[in-house]
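The next block holds one structure in the form of structure tokens; read it before the comments.
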Amino acid sequence: APAAKGGVSEGAAAGTLRPLAVSLQPLGARLREDEVVWGAAVSWVFVHALGRVVDEEDAAGQSRAWLDEWLLGKSIERALRDLGADEGRAARAVAAVKIAVSEQAWHAREPADPRRALRKLLGDDEVRRYIGVNRYQGVLWFSKERFEELLWWLLLAAALPPLAEGDGAEAVADARQVMERLTRAGEASGYQLEKLLLLAHG
């Protein structure tokens, strides 16, 4: 199998995902059933830790910067188009990979505190664009589907590294609990951004 930068082979990346596909539902089901999602997730495995080569303290930030500087996002998008994604879906999947790279340590920064995690996420312009924040009749709304997709990616980012090391059951359970609480917060907000922010600060 071809090797990615950092010495991660395609087979190794896929192998890292298999424990997740088996142990987490419905996260694993989506990986098994959607080739485009699988391809994007494998891409995340390749790129999320690249920055550790030069900057252990801000590895996520460096990895995210290289996605643009090295045009890795464009390469991922082309690969996803080859898997059958149309232009819009491929671009959205790349945006999700970028957010999951940038925010990969959200659960470590703010353990067991969904409100802090939510405030941090909603302060990120890429996140706001991804969840489709838009103004209608004077109200800022966001997309239910995109918000749930975002939470899926954040759970994947939290789950994969500890699962790959074989000792991630507790970390995965904590991250999943936070994601479930954030899902309920989205529902309670009626998918209005200001109400979601109020819940985050409550």
| Which one is modelled with the highest pLDDT among residues in segment 153-183 that are surrounded by fewer than 20 Cβ atoms within 10 Å (Cβ to Cβ) and aliphatic (A, V, I, L, M)? | 173
| query | Does segment 91-109 contain any residue that is free of Cβ contacts under 8 Å to residues at least 24 places away in the same chain and among the polar types (S, T, N, Q)? | reply | no
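Let's see how each residue does on (1) closer than 20 Å to residue 42 by Cβ; (2) buried (at least 17 other Cβ atoms within 10 Å of the Cβ):
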| site | (1), (2) |
| --- | --- |
| 82 | yes, no |
| 88 | no, no |
| 97 | yes, yes |
| 102 | yes, yes |
| 107 | no, yes |
| 119 | no, no |
| 129 | no, no |
| message | When you check residue 101 against the structure, is it in contact with a Lys or Arg (Cβ under 9 Å, 6 or more places away or on another chain) and either over 23 Å from residue 200 (Cα atoms) or of a type in the set (Asp, Glu) (or both), yes or no? | response | no
| message | Restricting to segment 184-196, give me the number of residues that are farther than 14 Å from residue 133 by Cα and buried (at least 16 other Cβ atoms within 10 Å of the Cβ). | response | 1
| request: Please enumerate the residues belonging to segment 125-144 that are basic (Lys, Arg) and either under 16 Å from residue 197 (Cβ atoms) or in contact with a His (Cβ under 6 Å, 6 or more places away or on another chain) (or both). | output: 128, 135
| remark: Of the residues in segment 34-80, those that are outside any helix (DSSP H, G or I) and surrounded by fewer than 22 Cβ atoms within 10 Å (Cβ to Cβ) come to 34, 49, 54, 55, 56, 57, 58, 70, 71
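The values are calculated or read from the model by the stated rules, or taken from the named source; none is laboratory data. These figures come from a predicted structure and were not determined experimentally. Because the Cβ atoms are built from the backbone with ideal geometry, glycine has one as well, and the counts that use them run over all protein chains shown.
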